[in-house]
Amino acid sequence: MSEPAILMEHVQKWFGQMHVLRDISLSVETGERVVVCGPSGSGKSTMIRCINRLEEHQKGRIVVDGTELTSDVRALDTIRREVGMVFQSFNLFPHLTILQNCTLAPIRVRRMPKREAEELAMEYLRRVKIPEQAAKYPGQLSGGQQQRVAIARALCMQPKIMLFDEPTSALDPEMIKEVLDTMIGLAETGMTMVCVTHEMGFARQVANRVVFMDRGEVVESGPPAEIFANPATDRLRLFLSQILRGH
Amino acid sequence: MSASHSSSVERAPTLALGAPLSRAAFWLRSRLFATPVSAVVSLALLYLLLRWGWDFFGWAVLHAIWQVPHDAAGLPQTGVCRAAEGVGACWAVVAEKYRFILFGFYPYAQQWRPAICVLLFIGLYAASAQQRFWRRELALIWAVALVLIGALMWGGFAGLPLVADDQWGGLPITLILATFGLAGAFPLAVLAALGRRSRGMPAVRMLCVCYIELIRGVPLISLLFMASVMFPLFLPAGVDIDKLLRAQIAFVLFAGAYLAEVVRAGLQALPKGQSEAADALGLGYWQKTMLIVLPQALRQVIPMLVNTFIGFFKDTSLVLIIGIFDLTTTGRTAIDEPAWQGFGNEIYLLLAAIYFTFCFAMSRTSARLEHLFSRGQRR
């Protein structure tokens, strides 16, 4: 097997006195789909944000697509070009149209000609099923539509890895499905994905592996069927019971 | 006008009482005379408005003196005006002095040059306020026009006599100080605001904090005074930087510090996610700043920016204390002449009207921009 798409070795991070990531080791193979779950405050968002250095880790090693994350700006640029991210709060650029949101990075970062970038953007907007909204501004779209645009925007950079940081947590229940369907469609193309989510149905359907985090540690990980059927720890058992009660 | 009229009728059928007159009557009744109290207040205000309005009209128009005779030596005979003092305005002082007020000591025969410059400035402002002119070419037009303004004011080529800038005065000085001042201050302000927020470079940050706090903590008058009196003391003998330029630099530094805090407010109001999304897409710092952060941050603070612009436009009148003849100074000087002493009201009304025109135009433009930028961008 070739080297993993993402490799984290003994990663540690503190916010001031608070130890938010305790010795995280995790490797994600190319084409693998990993769902990260855990109670709020467990460090799962921080962990995923370390992968493209929206947060800096303080100890340990993170290697993404063969490049180690250091304070070297070059390495960071390389990694960010290959890693797409979708945020809980969409973070579309409100002063740009949907199309401009999607073409900005390909034109400015990949130096793609404008025409080509627009064709590419329309292709991805069709794939997330909202090509007709291309000329609108983000504020004119529903939450679910905005999140699908955010996915298209990230895909327009043609990344090798996609990170999802609670992509459905800010959505109204009736919009969750359209976003999850888009993500399932993406998973079927063989994209390497790391998703922080509480959507256990999604995890069951697409994940190769579920990673359960609590208090800054990886507590358990394994295939969804196994881990959900036979949680090995009390912490996961408690978490699952709470999640299921909530549904 | 008529279009908006009919559309408001469609939107509010309850107000559509047919003829415009009855609509007006309805408006009056609902807005001004809805209750006995509001009727009394409305009537009282109406009475005051009419009375003062009529008094002012009588002073400014009916009893005003528009011209005064001149004696054999060409000196104005202001006896008529003195006789009418308190009853009618003496607009003759404006008729007599407007050239001096507008252009100061600029050689009389050459005053068409600053006049063209003023028109160029106004043309630039008007064009820049129009969305359809927002292209790259506009920056080029600005550059060319500003060079042209400098060339016209100084002269010394193509048969135009050289006019040193200590002879400049009046409205062109005000517009030059304000325009170059803001044009210089704005980029400085953006850099200082960005610098103040940069976490990675503590030295830059300290420098920006010091600049902003030092300049903001000092009255503009003392800054101008330092620029005009103290600064030359530190220059080697023989080196002399022009007084107008020194005042201009003082203005740039002053306005820059104030604008920097306005820009910083805009930067702080921007959700962190915007910057993170730009980072995640691989945009570099300057790409992120120019394409994502600043466009949004500046839109947020348009009202505050324009507020500072307006205040600053009027602050240019403080160059009075260092002997530069801006519009306010020429106005004051115009009534120093014994014949015209005591006609300050008329002159200051004129000055107020000129300042108001520019400031009101800025205010309206600001409102238009806000409206324009808010379209389709609700969140």
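The values are calculated or read from the model by the stated rules, or taken from the named source; none is laboratory data. Because the structure is predicted, anything quoted here is derived from the model rather than measured. Here the Cβ is made from the backbone with ideal geometry for all residues, glycine too, and neighbour counts use every protein chain on show.
Here are a few things to note about the model shown:
- So A:A117, is it among the aliphatic types (A, V, I, L, M) and farther than 26 Å from A:Q146 by Cα: no
- For region A:157-191, filtered to residues that are within 14 Å of chain B (Cβ to nearest Cβ) and out of contact with any Phe, Trp or Tyr (no Cβ under 9 Å at 6 or more places or on another chain), the residue that is farthest from A:P106 (Cα to Cα) is A:S169.
- Test set (1) closer than 18 Å to B:Q274 by Cα; (2) free of Cβ contacts under 8 Å to residues at least 60 places away in the same chain; (3) small (G, A, S); (4) within 11 Å of chain B (Cβ to nearest Cβ) - A:A154 fails condition number: (2)
- Residue tally, condition away from chain B (no Cβ under 11 Å), farther than 30 Å from A:T46 by Cα and either over 22 Å from the mean Cα position of the chain (by Cα) or at pLDDT 95 or above (or both), over region A:127-151: 4
- Complete set of residues in region B:169-225 that are among the polar types (S, T, N, Q) and part of a helix (DSSP H, G or I): B:T174, B:T179, B:S222
- Scanning region B:320-356 for residues that are surrounded by 21 or more Cβ atoms within 10 Å (Cβ to Cβ) and hydroxyl-bearing (S, T, Y) gives B:T328, B:T329, B:T330.
- Pairs linking a residue in region A:73-97 that is facing chain B (nearest Cβ under 9 Å) and under 15 Å from A:S142 (Cα atoms) to a residue that is small (G, A, S) and in a loop (DSSP other than H, G, I, E, B), with Cβ atoms under 6 Å and 6 or more positions apart or on different chains, are A:Q88/A:S169; A:Q88/A:A170; A:S89/A:A170; A:T97/A:A135.
- Failed item in (1) within 14 Å of chain A (Cβ to nearest Cβ); (2) not in a loop (DSSP other than H, G, I, E, B), with B:L244 passing the rest: (1)
- All told, B:V229 meets the bar of being surrounded by fewer than 16 Cβ atoms within 10 Å (Cβ to Cβ), touching a residue at least 12 places away in the same chain (Cβ under 8 Å) and in a helix (DSSP H, G or I).
- For region A:98-112, a residue qualifies if it is free of Cβ contacts under 8 Å to residues at least 24 places away in the same chain and in a loop (DSSP other than H, G, I, E, B), and the qualifying residues are A:R111, A:M112.
- Residues in region A:50-63 that are in contact with a Lys or Arg (Cβ under 9 Å, 6 or more places away or on another chain) and in contact (Cβ under 8 Å) with a residue 40 or more places away in the chain: A:C50, A:N52, A:E55, A:E56, A:H57, A:Q58, A:K59, A:G60, A:I62.
- Taken across region B:61-76, residues that are out of contact with any helix residue (DSSP H, G or I) (no Cβ under 9 Å at 6 or more places or on another chain), at pLDDT 85 or above and assigned to a helix (DSSP H, G or I) do occur, with at least one present.
- Within the option set B:G331, B:G311, B:G323, being without any contact (Cβ under 8 Å) to a residue 60 or more places away in the chain, away from every other protein chain (no Cβ under 12 Å) and under 24 Å from the mean Cα position of the chain (by Cα) holds for one residue only, B:G311.
- B:G282, sole failed condition from (1) in a helix (DSSP H, G or I); (2) within 14 Å of chain A (Cβ to nearest Cβ): (1)
- Filtered residues of region A:62-73 (kept if among the aliphatic types (A, V, I, L, M) and in a loop (DSSP other than H, G, I, E, B)): A:L69
- The sole residue among B:V118, B:V94 that is at pLDDT below 90, surrounded by 14 or more Cβ atoms within 10 Å (Cβ to Cβ) and of a type in the set (V, I, T) is B:V94.
- A:G143, sole failed condition from (1) in contact with a strand residue (DSSP E or B) (Cβ under 6 Å, 6 or more places away or on another chain); (2) surrounded by fewer than 20 Cβ atoms within 10 Å (Cβ to Cβ): (1)
- The set of residues in region B:263-279 that are more than 8 Å from chain A (Cβ to nearest Cβ), surrounded by fewer than 21 Cβ atoms within 10 Å (Cβ to Cβ) and more than 21 Å from A:E82 (Cβ to Cβ) comprises B:A265, B:Q268, B:A269, B:L270, B:K272.
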